[in-house]
Ligand SMILES: [Cu+2]
């Protein structure tokens with residue numbers, strides 16, 4: 001049971017880190033929009049970073065090609 | 001003729017995951033088309049009247065809901081049933097808040113600011129938020145089903161595909177908003 | 001009465017009607033609550049049609065298991081046991097891929113006949129200058145319906161072949177998602193009904209492309225057309241999820257991607273187009289419907305929209321769509337040819353990859369349908385070159401077939417004849433393609449019968465002839481009986497002659513400026529005779545299809561019993577008894593070799609796992625006389 005607890009703690013830590021990453025990128029995004037005259041490309045880059053964070057860490061896209069992790 | 005299938009040969013979970021990802025990929029294209037339409041018709045222009053505080057608030061709500069959805073899945077994966085229920089409920093509440101914010105608030109306010117669904121920027125604004133809101137609605141319904149099934153004890157650390165599927169779908173809806181928010185509220 | 005009610009189709013229709021009525025009532029109540037007049041045809045019928053379709057599906061039983069899951073019960077695996085007579089299963093929500101494959105194929109043929117009748121109406125009117133039988137509006141509706149119903153028919157035909165064959169050929173027990181599979185079939189019948197319902201609401205005069213601004217105004221019938229296509233697309237997307245997942249995850253042990261039957265490659269490549277492209281036609285049609293119902297001016301320049309945007313989105317699917325039809329068809333050709341010439345398929349890997357190549361390049365060519373729109377010259381030139389590029393992977397297939405036949409001993413049985421028919425017509429279609437790809441030539445030929453002739457040749461060569469070859473070829477597998485070889489040959493020759501006459505007249509009139517989508521033409525153009533020949537050819541094609549239908553029905557009832565492997569094929573499906581009973585491959589076979597080593601001494605494709613039990617355990621797929629043949 002101890003290992004499950006450890007795994008949970010690790011997963012939760014990843015969750016908070018990604019959540020913090022999303023918060024930071026959202027703030028950055030907002031200031032890009034306020035500050036830059038032509039924010040299109042920087043905004044697209046930030047959006048891609050945010051999407052990457054969610055797709056990789058929240059949606060576990062790697063499960064598609066690595067079968068070991070996260071099997072249940 | 002035998003009717004027994006040797007299931008051991010097939011990795012049911014991997015099959016389900018691939019199917020879900022294919023569905024998500026296909027569904028994502030509808031949003032991509034609307035995004036392209038938005039830029040094709042209106043370039044990077046947008047009306048100044050949009051309610052920026054509301055837009056940012058909705059974005060934060062949805063991102064936080066993704067975090068709680070992640071925590072729900074992580075909880076059941078490690079055998080924490082009450083954590084699953086708690087986080088599912090939070091996700092459902094945030095999702096509902098988002099819906100109320102878009103449909104109940106933003107959609108009511110926008111026409112007074114000159115943004116109407118029939119013409120100009122409103123065509124893109126209402127079709128994009130509308131289709132997204134429809135997906136949020138289906139996501140909330142899915143999470144509700146999963147929530148009630150979870151209350152009946154349907155999931156455990158070794159079988160939580162229902163949770164995983166609903167949560168993945170929810171993240172997908174969130175990813176769509178990650179692109180829609182800057183495209184609708186921020187670009188110039 | 002109880003028997004009638006046990007048929008999902010009947011239940012679905014009754015529920016569908018009730019659901020439509022509820023939809024009408026619901027919409028009228030909502031409208032009254034919003035203070036609008038209760039009845040307005042367009043919105044009320046639209047919501048009612050959506051309600052009716054969902055009710056149809058519920059009546060069939062498509063949602064039963066999901067409903068059980070949502071209400072907290074364990075849905076479990078799809079059942080393998082069935083009560084009552086076997087034929088009842090074909091009218092019900094059944095998760096067996098073999099049942100679904102037959103359901104798809106029969107529905108496809110029914111739609112093909114219906115769309116064929118629309119073509120007969122057009123050919124009748126065109127046989128002579130002047131208006132004799134229909135009004136221009138009726139002609140337009142017949143034309144639009146012919147187009148879209150044929151497209152639906154072909155999509156279902158592809159799904160029929162793929163569903164029946166994929167698990168059998170891959171050594172899998174069933175498709176990856178049997179319930180989803182059954183659902184994707186049952187979405188199709190209400191979709192087809194919606195398409196035909198458009199006739200009751202003023203038809204649609206846009207043709208199957210449904211371009212706005214014309215599509216955004218006028219008769220309510222157009223909404224039924226858009227909605228029907230939308231549901232067909234939905235069915236197609238769900239099907240694609242199944243095809244891709246089954247191909248990637250459910251192959252028998254030892255069957256690497258490059259040991260798959262080549263037909264599976266065709267379906268696999270097409271499925272990617274189905275999965276991705278279909279959203280584009282669906283969304284473009286959804287946008288037109290939103291413009292019609294809510295006034296959202298996506299394509300209305302006065303409101304800030306752009307009609308050309310529709311054409312971009314629409315053709316981004318609708319060009320690759322022809323590869324959804326053609327890739328599985330060409331897959332059938334590559335699959336059957338080695339069997340009938342008793343030689344290995346030439347350049348297997350290249351043929352397999354050419355399917356993926358066509359699917360990829362197909363997404364880069366859409367604007368060749370828009371050369372007269374007035375896009376920038378740079379864009380037109382780009383799309384001209386990409387369009388020409390399609391000829392490369394297509395040529396790979398063609399040369400592979402020629403090389404496979406080279407020096408082979410061809411057996412001219414009915415399926416092989418249809419393959420030859422496919423070569424002739426696909427070559428005609430293929431050779432006229434590059435002309436149309438060239439911008440200046442296309443600006444002259446755009447929207448003429450030359451385009452119609454080109455398109456019908458690619459469709460007959462790429463799908464119709466191979467599809468018919470496939471039906472003849474696998475008829476013994478599905479039914480356990482042989483068809484009549486004599487009638488099959490009569491069918492083939494009538495069809496080929498009729499078809500070449502018909503499209504020949506299209507090429508000729510088109511080159512001389514005959515516009516398409518027009519009910520009448522000026523007698524002074526001198527087209528009367530050549531159009532009459534085309535019409536006779538068209539009727540000949542239809543007549544040959546009647547012979548085909550007779551052959552199929554008669555053979556189903558009274559055909560001779562089929563031998564276990566009538567074609568001496570090496571493919572997996574012929575190792576199973578005909579018809580296949582129960583779960584297709586309860587235990588997967590073990591693949592140890594290559595599928596097309598015809599005439600190669602001691603080549604083995606597959607070993608049946610001993611756990612499969614019984615008498616089949618020691619069989620391999622090398623027919624006994626094969627080694628002799630190779631030493632020839
Ligand atoms: Cu094209």
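Read the figures in this text as sums done on the coordinates, not as results from a lab. Bear in mind that the values here come from a model prediction, so they are computed numbers and not experimental data. Don't worry about glycine lacking a Cβ; one is built from the backbone with ideal geometry, like all the others, and counts go over all protein chains shown.
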Simple label model, 7 Å out from Cα along Cβ direction - residue A:45 to residue C:67, nm: 5.4
Counting helices only, and only those DSSP H runs with n ≥ 4, report the 222 nm mean residue ellipticity of chain A as the sum of -39,500 (n - 2.57) divided by its residues, in deg cm²/dmol to the nearest 500. -23500 deg cm²/dmol
Among B:108, C:251, C:517, B:188, which comes first, then next, by fewest other beta-carbon atoms within 10 Å? B:108, B:188, C:517, C:251
Cα-based Rg of segment B:1-147 normalised by 2.2 N^0.38 Å, two decimals: 1.35
Using just the C-alpha positions of segment C:504-553 as equal point scatterers, what log10 of I(q)/I(0) does the Debye formula give at each q in 0.20, 0.24, 0.26 1/Å? -0.70, -0.87, -0.96
Roughly what angle does helix B:52-77 make with the longest principal axis of chain B, taking Cα atoms, 0 to 90 degrees, to the nearest 10? 0
Working from the alpha-carbon coordinates of segment C:126-258, get Rg over Rh, Rh being the Kirkwood radius. 1.15
Kirkwood Rh, the protein assembly as shown, all Cα pairs: how many Å? 29.2
Sequence gap at least 6, Cα distance under 8 Å: using those rules, report the relative contact order of segment B:13-186 to the nearest whole percent. 32
How much FRET efficiency would the formula 1/(1 + (r/R0)^6) give for residue B:152 and residue B:14, where r is the Cβ-Cβ distance and R0 is 41 Å, rounded to 0.05? 0.95
Using the count of nearby Cβ atoms within 10 Å as a rough guide to exposure, how do C:143, C:370 rank from fewest to most? C:370, C:143
Once both label points are put 7 Å beyond Cα along the C-beta direction, the residue C:248-residue A:5 separation in nm becomes 3.9
Once the Cα atoms of helix B:81-99 and of chain B are each reduced to a long axis, what angle between those two axes, in degrees from 0 to 90 to the nearest 10, is obtained? 20
Between residue B:159 and residue C:602, Cβ-based FRET efficiency (R0 41 Å, step 0.05) works out to 0.30
What do you get for the angle between helix B:161-181 and the principal long axis of chain B? Use alpha-carbon atoms, 0 to 90 degrees, nearest ten. 20
Estimated [θ] at 222 nm from DSSP helical runs (n ≥ 4, -39500 (n - 2.57)) normalised by residues in chain B, nearest 500: -24000 deg cm²/dmol
Label-point separation in nm, residue A:38 to residue C:113, each point 7 Å along Cα→Cβ: 6.3
For segment C:453-563, projected area of the alpha-carbon convex hull averaged over all directions, nm²: 7.6
With a Förster radius of 35 Å, plug the Cβ-Cβ distance of residue A:28 and residue B:113 into 1/(1 + (r/R0)^6) and report the FRET value to the nearest 0.05. 0.85
Wrap a convex hull around the Cα atoms of chain C, take a quarter of its surface area, and give that in square nanometres. 30.3
Grab the DSSP H runs of chain C that are 4 residues or longer, score each as -39,500 (n - 2.57), total them, divide by all residues and round the 222 nm result to the nearest 500 deg cm²/dmol. -22000 deg cm²/dmol
Based on Cα positions only, what radius of gyration and what Dmax would you give for segment C:1-130, in angstroms? 20.2, 66
What is the order of C:118, C:514, fewest Cβ neighbours within 10 Å to most? C:118, C:514
Cα-based Rg of chain A normalised by 2.2 N^0.38 Å, two decimals: 1.45
Over segment C:382-502, relative contact order from alpha-carbon pairs under 8 Å, at least 6 apart, %: 33
Report the relative contact order of chain C, percent, no decimals, based on alpha-carbon pairs under 8 angstrom and at least 6 residues apart. 14
Two decimals, Cα atoms only, Kirkwood Rh: what is Rg/Rh over segment C:331-470? 1.03
Divide, for segment B:58-126, the radius of gyration over alpha carbons by 2.2 N^0.38 Å, where N is the residue count. 1.52
